[in-house]
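Worksheet: the structure to be examined is printed underneath.
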Amino acid sequence: MTTPSSSNLVRAARRQPVDHTPVWFMRQAGRSLPEYRKVREGTAMLEACRTPDLVTEITLQPVRRHGVDAAIFFSDIVVPLAAVGVDLDIVPGTGPVVAQPVRSRADLDRLPPLTPDLVPDITESVRQIVGELGEIPLIGFAGAPFTLASYLVEGGPSRNHEHTKALMHGDPQLWSDLCERLAAISGAFLRVQVEAGASAVQLFDSWVGALPLADYERFVAPHSRATFAHLDGLDAPKIHFGVGTGELLPAMGAVGADVVGVDYRVSLTDALARLDGSYAVQGNLDPALLFAPWEALEAEVRRIVEEGRAAPGHIFNLGHGVLPTTDPEVLTRVVDLVHEISAR
Ligand code: CP3
């Protein structure tokens, strides 16, 4: 009998043999689905993330529609920050916006630890989803300290991360203390999800590709490692992903990941050479190619599945999230194609 912990997704993450290449999509739940837009009508994003029946329905929608090999918990990287009391909002079309940026030592007082009693709804949502999913695994997630710090320090989305980099280099002790708090918050958020039944986790360090390797090693890696360490003793493989991280892939693996997410700027073949066979990989179809004619898209999917055969484990995904205007029927077709051509 298949269980979530013996599913193709978990097996690929553990570099064990699979029946077919497992596939899911970052942002598979969301605006590309008409059924998502319908149930979200009239409910703000952060409120939706804290409403178990809505979280359950939205998490399951892409599984029902596309037949993907995993669900990803419907939430947001800033949900645990809001849960500890940070005044922030998720603005449609923009992203997370923080009322008062975090830039001084006094601002750290606004980041107390995340205790499970602050997020009983998360436990309830995960339990309900896992009950509905049966043998399909649920992926829990959190934001990594650098990416969360970037939203907090900049006050919102940022192209250049100038305040973040200035703080990191200008006051390394404050930076380190900030990231220590964020690692505790994100680690606790991951732990709550796994203890409630998530079978794997993904730590998103979406914007860390903005850093050179030396800065990653010095200012980021210890805190991402500390985040993952909160899962010690639990049995859930760890996926670690960021955008534009071609130069950082081995360093991101080394913080405790089982699977390294690869964006579309680096081929899986090159990523595998950089990773030296030590990790499974996830990726890496360019989400923009979902808008190309089917023949062109099919050729890319085939190439990626083929390159993934050389990996010790491969989870098919996009190189970043599904774009909101993507035709969902194309996503279903990609799932079917990956399953068909990778069947062993
Ligand atoms: O399907 C899934 O992948 C699960 C849901 C998920 C969301 N956010 C839902 C969401 C996940 C995994 C995230 C993580 C997240 N949030 C990240 C890391 C992933 C990545 O894309 O690199 C980041 C950087 C954020 C911050 C954030 N939240 C952004 C940039 C946005 C988009 C802003 C916009 O409107 O374009 C959000 C909001 C958000 N998170 C939406 C969804 C479905 C859109 C909200 C809506 O539907 O109105």
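General remarks:
- Only listed residue being within 16 Å of the ligand (Cβ to nearest atom) and open to solvent by less than 10 Å² (accessible area, probe 1.4 Å), chosen from 301, 335, 305, 322: 335
- Any chance residue 154 is under 18 Å from residue 49 (Cα atoms) and either in contact (Cβ under 8 Å) with a residue 12 or more places away in the chain or open to solvent by 40 Å² or more (accessible area, probe 1.4 Å) (or both): no
- Condition met for residue 23 (farther than 30 Å from residue 102 by Cα and open to solvent by less than 20 Å² (accessible area, probe 1.4 Å)): yes
- Evaluation of residue 115 against (1) open to solvent by 50 Å² or more (accessible area, probe 1.4 Å); (2) within 13 Å of the ligand (Cβ to nearest atom); (3) β-branched (Val, Ile, Thr) (one fails), failing number: (2)
- All positions within segment 210-234 that are more than 18 Å from the chain's Cα centre (by Cα) and more than 16 Å from the ligand (Cβ to nearest atom): 212, 213, 214, 215, 216, 217, 218, 219, 222, 232, 233, 234
- The number of residues in segment 112-166 being under 18 Å from residue 88 (Cβ atoms) and aliphatic (A, V, I, L, M) comes to 10.
- Segment 252-286: number of residues that are part of a helix (DSSP H, G or I) and open to solvent by 10 Å² or more (accessible area, probe 1.4 Å): 5
- Near pairs, Cβ below 7 angstrom, 6+ apart or cross-chain, from segment 21-39 (free of Cβ contacts under 8 Å to residues at least 60 places away in the same chain and within 9 Å of the ligand (Cβ to nearest atom)) to any residue that is in a helix (DSSP H, G or I) and open to solvent by less than 10 Å² (accessible area, probe 1.4 Å): 29/58; 29/59; 29/61; 29/62; 36/58; 36/61
- When every residue of segment 78-93 is checked against the conditions, at least one turns out to be in contact with a Cys (Cβ under 7 Å, 6 or more places away or on another chain) and near the ligand (Cβ under 10 Å from one of its atoms).
- Residue count, segment 1-49 (criterion: among the polar types (S, T, N, Q), closer than 23 Å to residue 327 by Cα and in contact with a Pro (Cβ under 7 Å, 6 or more places away or on another chain)): 2
The values are calculated or read from the model by the stated rules, or taken from the named source; none is laboratory data. Source: prediction; values computed, not measured. For neighbour counting, all protein chains shown are included, and Cβ atoms are generated from backbone atoms with ideal geometry for every residue, glycine included. For the accessible areas, the whole protein counts, side chains as well, though only heavy atoms, and no ligand, DNA or RNA atoms are used. Shrake-Rupley method; radii C 1.70, N 1.55, O 1.52, S 1.80 Å.
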